[in-house]
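These notes concern the structure reproduced below.
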Amino acid sequence: MKICVAFIVVAVLHITQAVCPDKLPGLQPWTPGFNEAHRVTIGYGRKVILTSSATVHSIEILNGGKLVIADSSRPIFLRAKHILIGNKGELHIGSPECPYKGNLTISLFGRSDDSDVGHSYFGRKYIGVGTGGTLEIHGKKKLSWTFLNKTLHPGQGNENSYRFEKSWGNRGIIIHVINPKTGEVLHTDRFDTYRSKDESRRLAQYVDKVETGQILAMVVNDEGSNNLEDLAKKALTKLGSQHFHRLGFRHPWSFITVKGDASSVVEDHAVYQGTKASSEARSSRVFHSGYGEHFTITTVSQWVQEAEWTEWFDRDDERGSGDWEKLTDLHKAFPERLCSNPLDIEAETLDGIPANMTGEVFSKFDRNYGFVCLNKEQVDGICHNYRVRFLCGKLVRPQASISIDTLSNCSILELADEPEGWTFGDRIVVASTDYSMHQAEEFSILPCPSCMRNQIKVEGKPTYLHIGEEVDGVDMRAEVGLLTRNILIKGEMEPTCYGNEACKFFSFDTFGGHLKAERGFHSVHVEGVEFKHMGQQSMGHYPVHFHMNGDVDEMGGYDPPTYVKDLSIHHTFSRCVTVHGTNGLLGSVKDVVGYDALGHCFFTEDGPEERNTFDHCLGLLVKASTLLPSDRDSKMCRDITSGAYPGYVAKPRQDCRFADNGIGLTLASDFPIRGMQIYDGPINVQNCTFRKFIALDGRHTSAFGFRLNNTWQSCPNNNVTDITFDDVPITSRVFFGEPGPWFNKMEMDGDKTTIFHDIDGSVSEYPGAFLVKEDNWLLRHPDCIDIPDWRAAICSGHYAQIYVQTRNPANLNMKMVKDEYPDRPLELVGALGKRNHYQQFQPVVMLGKGYTMHWDQAAPAEVTIWLINFNRNDWMNVGICYPKGTEFTIISDIHNRLTKETRKTGVFMRTTQREKMGHSHQTRGYYYWEEDTGLLFLKIKAHNEKEDFAFCSVKGCERVKIKALIPPGSGPSDCMAEAYPKYTEMPVVDVPMPKKLPRSKLPHTLEHFLEVKLESYNTRFFHIKEDFSYTEVNGKKIYQSEDGIHVIVIDGHTGKILESKGFRNSILMGVPAQLENYITNLKDESVVLITSKGKLVTRGPWTKILETLGADQTVKLKDKLAFVGFKGSFRPDWVRMSVDEERAKLHQVLPIPVVKMMKL
């Protein structure tokens, strides 16, 4: 039995050795040389082995041909435009049992504008596996990726410091022996050459035994010369010292040298200055240890004099000729409390004001003379009364130090796994753990003999923070991926983009190589390979592409099943791995790292693909691509489709709106940090918890935010329910944006029209509230409540949208005005850019209201108004500005976006009675054209049912289409001056505001909103004028009874009213200090509410008090004042002031408790 076992083992060993493909018999050496025109065909049973680098035009392997790459100790570099493995052709590079150990590069060259005709299926610049072809590539086994196990901080490198310091009790000569390659201290000793000659001889012997090449760092501490003999002096002189033989009593001395290299010496020597003066010898030298690392050795031998300040002395005062604080006089007055030779002097007034801040002139201000201030030299003829103090030195003490500071341009990474196979020179990538994927960083591995098994040393220091630990129970560790493999397949690239459509979007060449497998291939197994600069910005040309292969596992007759694993695919131009119409890659796309790719990195193209798994794959830094709508960013999508939506549906679908919906719910990908980014919609967020979103001064952070620099719409049906916040300040729950960093100027239409519905009040504390941007008056009414910290307002109402499409011209801007607020227009530039053949404006509107539209050019010849999110019988009135003499044709229709069918539903007839517009029905409507104002009036109404959260009705999108014949040479169509105040309407609240949740129904936290309302106004009844003023806090009204101002003080921590006090105009004019003292004596962190009544005193010293509470000093007061201020060390965002001649009003919520925002 034992013999049988031995026989089997021998047989297995023989087979294992025999499967190395480059060792098989019958292979013919092949050295094609270097010729880019040489087209190579390997066929008819020919089997060859490539043993050296080569360049050819192309290689085609078919009809029993076989190419094997020799596993050579020398790198092999093979260049070709393409490699086609046809029927019964084979390409072998290593095998599963015998991985390729050498270094091989296959470089695919060629430009997209070459004259060569591409292959009908594979195209150009490819490795193609055709029907019946075999591709076997097996590189070294290496760990594909792991996690960072210790946080890497910005700028953190492999830096260490060593410091040795001694004083009394360590007398003599101190020596450190240091490793010149690492900066490590190998040995230390001290020689008391003051006490003993034996110590001197031991010093000489010690120095002699130190190995040549090692670093010696030496200092004297206290005294080292008393028993120093010639033998020691000669030993040090031999090392290169020029001062050691002259060492005297208590002389400081420092010395650094590399033994055996006298030119390396740095040395310093000083003389002892006695017990009351310092002296120092200092030497320093930088040593380089390789790969950018260096360390600095510093040796210091010194006598240190410390000092302390005396008490303050005030011998004289300012009476007489001035204030004289002479040192000699002070010595006589205070002989035991002052030193004879001060090191410094200070002077200040008796109130503690430093002398140099008083603005006075000093006759003497000198540590040796003292201080003199003469009255005659001052502008006002008299000095302050000053006091002085002096800095006196103590007796000196010895101090010796040796320090080693290691600085490097490298870092140590601690990993979760042992980095099997990672070697010197390999490239790795560390993933971002912040909100920008662009914070991923690449590094090169350096040798590190001292590293532990799970550590690597890399060249360079991180620019960004990379977390390597759990945070609040969440694994936040950065992934660390390997980019380098010993087999590299790459595309040769031009330095810049050239001559194709992709250059509109990319500055670099995107015509890379690609590997593609055709249906019916015989065998494909690829592992341990690096793919770089692969993929093309065209359909079907990806770094690794299985195309319409059907079943590629046992079900398709493949044994072993097809696989690609242990791949590094990076800096690609179209995806990483694409599986299209292929089944059975079950666990066979494994341990693949995809990095810095354009378009979806791991991609199943159709969706019906089966039994495919991506096992332990890593994808990072995946950027926008042009191929599919879901690959693109919004700008790229708009530029490609040129505004095809709505109306035209391309195949494949190119609808940017459709694509945008796919990313409607997005997480923040850059600063500022947002937990949920609301965009487009409709979006419904339910039962979510947001944790630790905390805004900083200089860095906006919020749980809810909106897409930055957004040209597109915001759907009024976006809603949130059952939201909880954990360690999120109430001020950081939502942020609508403001002009500044990241938000830019907030001039894009989508930035101005943001909105969402807080159904249960779990965000705002007002159930049923709509949150709108605070300055969008198309959506506001008189009872809206401002949330200054969010740049938002809480409103109520019925909201919908209209899409206003314009043609001829399409490059104009629109100004939209709500009749209730004609002084607050909303200016829109359009969602589609100015080069499109039409433009689209997408405002959110309040239903049942009237609006007008105005243009910065002549009105467009075609206007189509789409009713979006209108339910049946919802309506609004619009007035559109046109030049006088314009003629109109107006119809209504329904457009089905999916079938692309449009059906006319009615016509609009002209009426001379504006009120008749309300008598419209679906087949017949009325328009009112008022040439005096230039306004075309229409009532727009929805006539069909709509499903919940659908944009349009069940029958399609209802529209009104206006065609206008505009007189030539017409100027800008802006009718604002003619329309208002003629059509100004009184603001009316159609939907009552929601009531604030009581404290009992709020989360158990001290934080809440405090609602405050301040109003100062007058009313007239015939000739009688009456003034009113009140303040309302959480529903409790406090009326102001007397003319002047009324102050209410609220505790900024609890929100409780502390006190209420009035100040009549007579006080403001005559005794403003009374108000000033009142405000000054208020405790810090107080909210101060101020209203006015009657004719306010708008000038005088009292107005400065408002500035101390945060008021803008540039605002000029008027009769009516409403002010929300704050007494404290900072100015909260919610400090507001309203002034007017007739009515001043503020209605807002304040965050309680009031907390200062931390700085970034």
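FYI, it's all coordinate maths here, none of it is from the lab. These figures come from a predicted structure and were not determined experimentally. Note that we place each Cβ from the backbone using ideal geometry, even for glycine, and neighbour counts take in every protein chain shown.
Under 5 Å between amide hydrogens, which residues at least 5 positions from Lys590 or on another chain qualify, with H placed 1.01 Å from N in the peptide plane?
Amide H neighbours of Lys590: Val564, Lys565, Asp566, Asp615.
Taking the alpha-carbon centroid of each part, what is the distance from segment 1123-1138 to segment 552-621 in angstrom?
The distance from the Cα centre of segment 1123-1138 to that of segment 552-621 comes to 58 Å.
In segment 787-877, what is the volume of the convex hull around the alpha carbon atoms, normalised per residue and reported in Å³?
That works out to 122 Å³ per residue.
If you take every DSSP beta bridge fully contained in the chain, what fraction is antiparallel? Give it as a percent rounded to 5.
In the chain, approximately 65 percent of DSSP beta bridges are antiparallel ones.
Among Ile865, His895, Phe908, whose Cα sits farthest toward the positive end of the charge dipole of segment 857-997 (+1 at Cβ of Lys/Arg, -1 at Cβ of Asp/Glu, about the Cα centre)?
In segment 857-997, that residue is His895.
Report for segment 803-988 the percent antiparallel among DSSP-assigned beta bridges with both residues inside it, nearest 5.
Percent antiparallel among DSSP bridges in segment 803-988 is about 85.
If the viscosity is 1.002 mPa s and the temperature 20 °C, what translational diffusion coefficient in µm²/s does Stokes-Einstein give for segment 1006-1152 when Rh comes from Kirkwood over Cα pairs?
140 µm²/s
Quick one: what do you get for segment 675-793 if you divide its Cα Rg by 2.2 N^0.38 Å?
0.98
Rank these for me by crowding, Tyr1030, Tyr926, going from fewest to most other beta carbons within 10 Å.
Ascending number of Cβ neighbours within 10 Å: Tyr1030, Tyr926.
Kindly write out, for segment 757-770 in residue order, the coupling ³J(HN,Hα) from the Karplus curve 6.51 cos²θ - 1.76 cosθ + 1.60 (θ = phi - 60°), rounded to whole Hz, with x marking Gly and Pro.
Values, residue by residue: 9, 8, 4, 10, x, 5, 9, 9, 6, 10, x, x, 6, 9 Hz.
Can you list residues from other chains, or at least 5 along the same chain, whose modelled amide H is less than 5 Å from the amide H of Gly370?
Leu327
Enter the Cα centre distance for the pair segment 920-935 and segment 178-194, rounded to the nearest angstrom.
What the calculation gives is 98 Å, centre to centre.
Arrange Lys1056, Lys364 by Cβ neighbour counts within 10 Å, fewest through most, would you?
With the fewest neighbours first, Lys1056, Lys364 line up as Lys1056, Lys364.
Equivalent-ellipsoid semi-axes (√(5λ), Cα gyration tensor) for segment 160-306, whole Å, largest first?
Semi-axis lengths for segment 160-306 are 24, 18, 13 Å.
Provide Rg and Dmax in Å for segment 822-919, with only Cα atoms included in the calculation.
Reported Rg and Dmax, both Å: 15.1, 43.
So what J values fall out for segment 176-188 if you push phi through Karplus, 6.51 cos²θ - 1.76 cosθ + 1.60 with θ = phi - 60°, rounded to Hz, Gly and Pro as x?
Taking θ as phi minus 60°, the curve returns 10, 9, 10, 5, x, 8, 10, x, 7, 6, 8, 6, 9 Hz for segment 176-188.
Find the eigenvalues of the gyration tensor of the Cα atoms of segment 912-969, then list the square roots of 5 times those eigenvalues as equivalent ellipsoid semi-axes, largest first, in whole angstrom.
Equivalent ellipsoid semi-axes, largest first: 28, 15, 9 Å.
Over the Cα atoms, compute the radius of gyration (one decimal) and Dmax (the largest Cα-Cα distance, rounded to a whole number) for segment 548-623, in Å.
Both quantities, over Cα of segment 548-623: 12.4, 37 Å.
Just the ratio, please: alpha-carbon radius of gyration of segment 147-246 over 2.2 N^0.38 Å, N its number of residues.
Taking N as the residue count of segment 147-246, the ratio is 1.39.
Which ³J(HN,Hα) values, rounded to whole Hz and listed in residue order, are derived for segment 1039-1048 from phi using the Karplus coefficients 6.51, -1.76 and 1.60 in 6.51 cos²θ - 1.76 cosθ + 1.60 with θ = phi - 60°, glycine and proline given as x?
Coupling constants for segment 1039-1048: 8, 8, 8, 10, 5, x, 10, 10, 10, 10 Hz.
Given Cβ point charges of +1 (Lys, Arg) and -1 (Asp, Glu) and nothing else, what value in debye, to the nearest 20, does the dipole of the chain about its Cα centre take?
Once rounded to the nearest 20, the dipole reads 1540 debye.
Would you list which aspartates and glutamates come within 16 Å of Lys941, measuring only between C-alpha atoms, while excluding same-chain residues fewer than 8 positions from it?
In chain and number order, the partners are Asp874, Asp893, Glu915, Glu958.
Ranking request for peptides 810-819, 794-803: highest mean number of other beta-carbon atoms within 10 Å first, then the rest in descending order.
Averaged packing, sorted descending, gives the order 794-803, 810-819.
Considering amide H positions built from the backbone, and no H for Pro or chain starts, which residues 5 or more places from Gln1040, or on another chain, come under 5 Å of its amide H?
Ser1029, Tyr1030, Thr1031
Dimensions of the chain along principal axes (Cα, Å, largest first)?
Principal extents (largest minus smallest coordinate, Cα): 122, 121, 65 Å.
Calculate the length of the line joining the C-alpha centroid of segment 450-475 to that of segment 126-153, in whole Å.
What the calculation gives is 23 Å, centre to centre.
When we measure straight from the Cα of Lys1095, which aspartates and glutamates land under 18 angstrom away, once same-chain ones fewer than 8 places off are left out?
Qualifying aspartates and glutamates at Cα under 18 Å: Glu1015, Glu1026, Asp1027, Glu1042, Asp1043, Asp1119, Asp1140, Glu1141, Glu1142.
If you restrict to DSSP beta bridges whose two residues both lie in segment 664-796, what percentage is antiparallel, to the nearest 5?
Beta bridges within segment 664-796, antiparallel portion: roughly 50 percent.
What residue among Gly1094, Ile1105, Val1115 has its Cα farthest toward the positive end of the dipole of segment 1093-1132, where the charges are +1 on Lys, Arg and -1 on Asp, Glu, each on the Cβ?
The one lying farthest along the dipole's positive direction is Gly1094.
Return Phe1028, Phe841, Phe573 ranked ascending by Cβ neighbour count within 10 Å, so the fewest neighbours appear first.
Fewest-to-most ranking of Phe1028, Phe841, Phe573: Phe1028, Phe841, Phe573.
Treat each spin label as a single point 7 Å out from the Cα along the C-beta direction, and report the Phe249 to Val361 distance in nm.
5.2 nm
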